[in-house]
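The block underneath contains the structure these notes are about, expressed in structure tokens.
All of the numbers you see were taken from the coordinates with simple rules; none came from a lab. From a predicted model like this one, the values you see are computed outputs, not experimental measurements. Methodologically, a virtual Cβ is constructed for each residue, glycine included, from the backbone with ideal geometry; neighbour enumeration extends over all protein chains shown.
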């Protein structure tokens, strides 16, 4: 019996269901893949489509507005005038143009006539010639045919009736052979070309006018700030560009530096030639969205102009993943697989640093520049090496190494000389002997060169020592300078005592404070200062506020604070400093109690000098060690300059500062332990541990290195090397697990990454002190937390708790550190200009080092400190401001500038004055720049004004006798105001002077600049005391705007030029002469008994007709034009 | 483009067949919104001349009357001669014989913003006479022509030192044509200097409304034509600071507002 077959799976079972499901799944995945292909991973396509649409709408909206603006301009009188001028011109040249054109037409007709026959003749000649050439190979026969057939044909004369050139309707009858016809044609062609050239000349002014009209339209649109001056036609061009826009990845590819950036696939409008804001590119519903943000044009077009995007791309400056176009997050590099996310908006300028590391001041990057400045000012550089900062110690070491090498070379050469001489002596023949002696001489010369080299390096090391500065005061002077009771107060919490100080708070416990105080105190120089009589505080206040102290220093605390930020707030200086020391410091801050010998590594004392029979005198002129001749540190290593004040004035200022104190030094707790060596014993270790010698000069620690890590490339340190301590998880969750987060937290509260550790010893905890502790809720600082204690929750603070000023500094420093990366771009991308621009780079470091910007403006947009002080706001105060240095390089002779910078009093004996502007109370101080820094500064100014170096003065044409008389007359005349303001070296006159003495002009100024200056000073220095309108234009020359002495009658020369030439001939004899001419007091005499000088202009004014027809009747004063009075 | 279209066709079919969810994309027909430029300013409030009021008052001075400070003009004999040996004294800090203050600039500081005023065609004249600016205090409207003349046979330079306006400094030689200038922005007050005669000083108040006056030698002032409303009246002096008072002026009302300054 057949078994019942089991169910046949083929029949009974079906996979259809599974297959169907699989098919559906496959189809779905296909659909998904396609969808993903076209929509999912191509977000930029939507961006591009949207941009094309929104931008077109925007442009369409703009066109009618722009058309209206264009219409208005086209109807403006100026435009109509231009147009009328065009039409007039067109009309005026019309007859000439027509006659030229009709002449040309006649020529054309005549030429056609000639050509008509000539073409025929030419082809017949060609045909006959061809026949002859191919008829026979025999040259004699050929010649015969030519003579017999071709020549006679060519000689055939034709009589033609041609258009006469004399006028239409007239005809000439001419008889010409073929040569004649050719000549006639050539003649006509030449004539036609001449006529056309003449027509071109005639029409050129017309096309120039047309260009003027077009330019006017653009300029007016630009001036009215309408769409960057784009005309309607140009806008239509942009629309047309949108119409042919291709949806594709927009990519910058620069293989030269391996830059591939696709950012513009979404940021489509970034390079558009007009300013696009989010509001310009709203959604159709009229709201700006994410895309509107992305579509804006670059906010700083000038930056793009300097950095061509085709070369620089986007990501080198902005970071982010430039190749990635799948999503916004990935493109911006804000995901875990990309190390360098887009710079945060507040730190955007970090991107500049990698190429601009050599710039201290960078245009277009105020935040970064601020960070760079703070790195120096805050004293970061005391602990952290950063390339470019504080280079002097390293320079000094390098110089010493070079000297050692040279000394070695010298010794070797010396041996060489001996050897060569010896070989010469024992040589077998004279020739070899001479050769050896020559060799010996060559080596001797080499030795002398080495000696000179060593001298140069020796001088250079003296220069470098002079330029080497410390961030903070010299602690060797502590016993002479400080009340000891103040030391623990200060060390415990500097911010509590002086909120604006740059000294950070080290988290010290009471023992630390005591030990450090005692060590510093006992380590100080034990010298006595002469006692100073008390000064007059009232006079001192006047001096303090007017001499320029406040360009760097501030007084008053909190809301009452005024003055500069660069140096200490002096409100409480009387609580800490001895009066005698303060006086010495104000009189000359560079004076120190003992010189330091880096060679012997100790401070010298009078005994060292006495040994050698020398007085204990050490200054920049006596800067060699009496023991070994090495260069000494003879100055305080402060950047504070010497104001060259008298002892009395220094006492007055010190007395004034004493009056500002809030409490007496005696109110501080007593310090009986300060001289206890046992207490001081532990202090040495702490001082080394915290790296105090990075910023302060401390006896015995002069050669200590920096204790912190180098930060030159800190921004590219990989993540895992940044110690987030126990905060990693929190940082990840809160989105600050990145460089920015690390720097900000570290700067805000350096001990943050010690939080939570229970086993860390005091030595393992961070040593970095707290810099930012002024809270925005008004409290001065956070409660002091010691290094050894775990930080309680209540005492932690974050950046947002800090004052705005502190937050600004943290942001600037973070920006700087973020940018401090090792660049992956080729070095030729770095800004290391080989020309004058390098002088500018180098100069800014010095300008910032000494805070020149406290007093001076180098560009108009940069404000000095003093110009914002209340005492300089009144019209009188403004007249007391230091000079702006905007065109200093074009103004002054660099050689003079070098002298001035070295000694601004321009005198070796009379130093209590300003060499140029003795009329200003504020005074250019002496900075004791080394020749190295002077050279850099001089080059800096010359480079800023693009002046060639070295400067060779242009020789001016000497004045003729007549011109000399004229110039003298004008200078001393009532009409010319020069001597009313400019000093002349006559005390009675100069007390009213507000401008420099002309006597300095020949050495100090550049003649070309002076000419521009006197023609319109406000073009060079807006707001200057010197008025404009002193000259008016008359034809091609400038003439003096006021009445001129009679000697000027008939003079055709340029008055401005005459005065400049005279100014450059003024010497003291000439100046005396001018004084004599005015009766000895430079006041023009009135009345009849005057010299010939004043008689003329005034008489003419008083009696004669006024040059202007306007005015006489309007001279009577009127009330204000308001409705009532 | 053709390639694209061919590719799209099956795509569209597949999508239509498989994807139930309709691509509920917003209609993207982008009709440019009607360009309603809302830039047109609200029409200026008209002033009804029949209801205007007036403010009068006196600027008094309390305390010890400062002594007049003589000006040393001997640096320029022309200036000395102009005063015929009588000399001159500084206007700033001057107190009238009746104990009031001259040269106080009294003006509507707030309250008149809703009115607009045409730029006056009348010139405001600033003269230089005897090496002094006359008047010492001058009020003008924004854009009004300031006509600067010199009656002195010596060279002056006119140097306004504004905070908010453009700064300039021009020489005016004896007999030179007058200088005409305007100020584009409201400013209280612009000091005017002559760098050659450092005592010379004028003050120009640049106003957006014509409701201002300068107190005279009796210390009084009158501001006319004021439409009814609430105003803040400012009184500025060069030496004694600035004061302000709030005042309500009714239709045709004559209000008195006095100011008292202390040394």
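Points worth noting:
- C-alpha long axis of helix A:77-135 to longest principal axis of chain A, angle in °: 50 degrees
- Taken residue by residue and averaged, Cβ atoms of other chains lying within 10 Å of the Cβ of B:175-182 number 5.
- Modelled label positions at residue B:86 and residue A:832, each set 7 Å beyond Cα in the direction of Cβ, lie 7.7 nm from each other.
- Overall form of the stretch A:833-944 per C-alpha gyration tensor (a/c, 1.5; a/b vs b/c): oblate
- The convex hull defined by the C-alpha atoms of the stretch A:485-618 has an orientation-averaged projected area of 10.9 nm².
- Where N is the number of residues in the stretch A:668-784, Cα Rg divided by 2.2 N^0.38 Å: 1.34
- Where only DSSP H runs of four or more residues are counted, chain A gives -14500 deg cm²/dmol as its mean residue ellipticity at 222 nm, each run worth -39500 (n - 2.57).
- From least to most packed, judged by other beta carbons within 10 angstrom and beginning with the fewest, A:609, B:231 follow the order A:609, B:231.
- Tail weight of P(r) past 21 Å, computed on alpha-carbon pairs of the stretch A:249-324, percent: 29 percent
- Above 19 Å, the calculated P(r) of the stretch A:408-550 contains 75 percent of its Cα-Cα pairs.
- Considering only the protein assembly as shown, percent of DSSP beta bridges that pair antiparallel, nearest 5: 75 percent
- Within the stretch A:877-1022, the percentage of alpha carbon pairs spaced more than 27 angstrom apart rounds to 27%.
- Projected onto planes of every orientation and averaged, the convex hull of the alpha-carbon atoms in the stretch A:1-79 covers 8.4 nm².
- Rg ratio for the stretch A:77-221: its Cα radius of gyration over 2.2 N^0.38 Å, N being its residue count, equals 1.72.
- Using alpha-carbon coordinates, inclination of helix A:931-944 to the longest axis of chain A, degrees: 30 degrees
- Calculated over the stretch A:353-441: convex hull of Cα atoms, volume per residue (Å³): 144 Å³
- Global geometry of the protein assembly as shown, whether rounded, prolate or oblate, following the gyration tensor of its Cα atoms and the 1.5 cut on a/c: rounded
- Length gained on full extension, residue A:96 to residue A:345: 83.1 nm, using 0.36 nm per residue less the C-alpha separation.
- Chain lengthening between residue A:249 and residue A:304 when straightened (0.36 nm per residue, less Cα-Cα): 17.7 nm
- Ranked by how many other beta carbons lie within 10 Å on average, peptides A:864-872, A:978-986 from highest: A:978-986, A:864-872
- As a rough guide to protection, the peptides B:92-99, A:471-478, A:86-93 ranked by mean Cβ packing within 10 Å, highest first, stand as A:471-478, B:92-99, A:86-93.
- Inter-label distance, nm, simple model (7 Å from Cα along the C-beta direction), residue B:69/residue A:139: 11.4 nm
- Computed from Cα atoms, the angle from the helix A:392-425 axis to the main principal axis of chain A rounds to 80 degrees.
- Full-stretch length increase - residue A:123, residue A:614 - with 0.36 nm per residue and alpha-carbon distance subtracted: 165.4 nm
- If R0 equals 22 Å, the separation of the Cβ atoms of residue A:83 and residue A:63 corresponds to a calculated FRET efficiency of about 0.45.
- Spatial extent of the stretch A:411-467: Rg and Dmax, with the Cα atoms as the point set, Å: 16.6, 57
- Remark: mean inter-chain Cβ contacts per residue of A:1023-1036 equal 4, using a 10 Å Cβ-Cβ cutoff to other protein chain atoms.
- Counts of other chain beta carbons within 10 angstrom of each beta carbon in peptide B:153-163 average 6.
- In nm, spacing of pseudo-spin labels at residue A:21 and residue A:955 (7 Å Cα→C-beta vector): 10.6 nm
- Gyration tensor (alpha-carbon) shape descriptor, the stretch B:116-208, a/c threshold 1.5: prolate
- Whole-angstrom gap from the stretch A:495-564 to the stretch A:630-656, using each part's C-alpha centre: 15 Å
- Using a Förster distance of 25 Å, the FRET efficiency for residue A:290-residue A:335 (Cβ separation, nearest 0.05): 0.90
- The residue A:990 and residue A:449 beta-carbon pair, evaluated with R₀ = 45 Å, returns a calculated FRET efficiency of approximately 0.30.
- Protection-proxy order for peptides A:306-317, A:950-961, each taking the mean of Cβ atoms within 10 Å per residue, highest first: A:306-317, A:950-961
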